[in-house]
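The next block holds one structure in the form of structure tokens; read it before the comments.
The values are calculated or read from the model by the stated rules, or taken from the named source; none is laboratory data. Please read these numbers as outputs of a predicted model, since none were measured by experiment. As a convention, Cβ positions derive from the backbone with ideal geometry for all residues, glycine included, and neighbour counts pool all protein chains shown. The protein model used for the area step is the full one, side chains on, heavy atoms only, and it has no ligands, DNA or RNA in it. Shrake-Rupley method; radii C 1.70, N 1.55, O 1.52, S 1.80 Å.
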Amino acid sequence: MINKIKKGNRNNALFGVAFKKASLKGITSEELRRFLYVYNEKYCDPPLEKYEIKAIVGDVLNTHGDWYE
């Protein structure tokens, strides 16, 4: 059984997941965004809206934009 990420923890949890994934060399911002959409749907209860996922990816890019393109 998979433990779902509940309301109140989703943003921080997804930021952490995105941050770790972003540290991998060769991943583009679009690949990160698509990965996080799928992860969100699978592990968050309820899932965040797409605009919230875009904001999280934007925050990761702002924090470590030198990792990208």
- request: Kindly establish whether ILE27 is in contact with a Phe, Trp or Tyr (Cβ under 9 Å, 6 or more places away or on another chain) and assigned to a loop (DSSP other than H, G, I, E, B).
  value: yes
- line: Log entry, pairs with first residue in region 46-69 being farther than 14 Å from VAL17 by Cα, second being open to solvent by less than 80 Å² (accessible area, probe 1.4 Å) and at pLDDT below 95, beta carbons closer than 6 Å, six or more apart or on different chains, reads TRP67/ALA22; TYR68/SER29
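If we keep just the residues of region 1-57 that are of a type in the set (Ser, Thr, Tyr) and in contact with a helix residue (DSSP H, G or I) (Cβ under 9 Å, 6 or more places away or on another chain), which is least open to solvent (accessible area, probe 1.4 Å)?
SER29
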- request: Please work out if LYS42 is assigned to a helix (DSSP H, G or I), out of contact with any Phe, Trp or Tyr (no Cβ under 7 Å at 6 or more places or on another chain) and touching a residue at least 40 places away in the same chain (Cβ under 8 Å).
  value: yes
query: Yes or no: ALA13 among the small types (Gly, Ala, Ser) and modelled with pLDDT of 95 or more?
result: yes
- request: Say whether the condition of being among the hydrophobic types (A, V, I, L, M, F, W, C), modelled with pLDDT of 95 or more and more than 18 Å from HIS64 (Cα to Cα) is met by at least one residue in region 27-36.
  value: no
